[in-house]
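Heads up, the thing below is written out as structure tokens.
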Amino acid sequence: MNPPFIIERTLNATADKVWKAITDKEQMKQWYFDLKEFKAEKGFEFQFAGQGTTGEQYIHLCKITDVVPGQKLAYTWVYENRKGYSVVSFELFPEGQKTKIRLTHEGVASFHGNGPDFTKESFMQGWTELIGTQLKNFVEKK
């Protein structure tokens, strides 16, 4: 059994602000990845390049599978020319002027064997930086 990777953080920002940060491509490129196109619509496909630890470029191929505006966004997450299949979901839970965000990445173990950039530890480190630092700093800035 390979449990999904889950990270939760409470951000000092409204759910509307956090939703916009995870669905607006102009905001996403300031904390996430630089996407050419992005629409929070079921069935929308997008891709982006991510850099590995020694400079390799990995093309991420994604397709949105679930959208509940202001609450949930989920998409497939696979790599061009690599084995494995996973799903990433963002869930928002408003807490007054704050928002709890839960990121779940299911299927991470399916990427094992693709090299050191595809270990569970690598995904944990990447998501902890993206959600715990980059997104947090972006939505909490005045």
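Data for the structure
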| read-out | value |
| --- | --- |
| Karplus-derived HN-Hα couplings along segment 49-56 (A = 6.51, B = -1.76, C = 1.60, θ = phi - 60°), whole Hz, x at Gly and Pro | 9, x, 9, x, 5, 10, x, 4 |
| Segment 14-75 versus segment 106-132: alpha-carbon centroid distance in Å | 17 |
| Segment Ser110-Asn12, length gained on full extension (0.36 nm per residue, minus Cα span) | 31.9 nm |
| In segment 1-107, the GluC sites (Glu not before Pro) that fall in loop regions by DSSP, at most 11 other Cβ within 10 Å | Glu37, Glu41, Glu56, Glu80 |
| Spin-label model distance (nm) - Leu35 vs Lys141, 7 Å beyond Cα toward Cβ | 2.0 |
| Modelled FRET efficiency - R0 25 Å, Gln27 with Gln71, Cβ distances, 0.05 increments | 0.90 |
| Highest-MSF residue in the chain out of Leu103, Leu130, Leu73 [GNM, Cα springs under 10 Å] | Leu130 |
| Between helix 120-129 and the chain: long-axis angle, C-alpha atoms, 0 to 90°, nearest 10 | 30 |
| Global form of segment 5-116, assessed from the alpha-carbon gyration tensor, a/c cut-off 1.5 | prolate |
| Net charge of Cβ neighbours under 14 Å - reference Pro116; Lys, Arg +1; Asp, Glu -1 | -1 |
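Where a number appears in this text, it was derived from the coordinates with a stated rule and is not lab data. Being a predicted model, the structure only gives us computed values, none of them experimental. Every residue, glycine among them, receives a Cβ derived from its backbone with ideal geometry; neighbour counts consider all protein chains shown.
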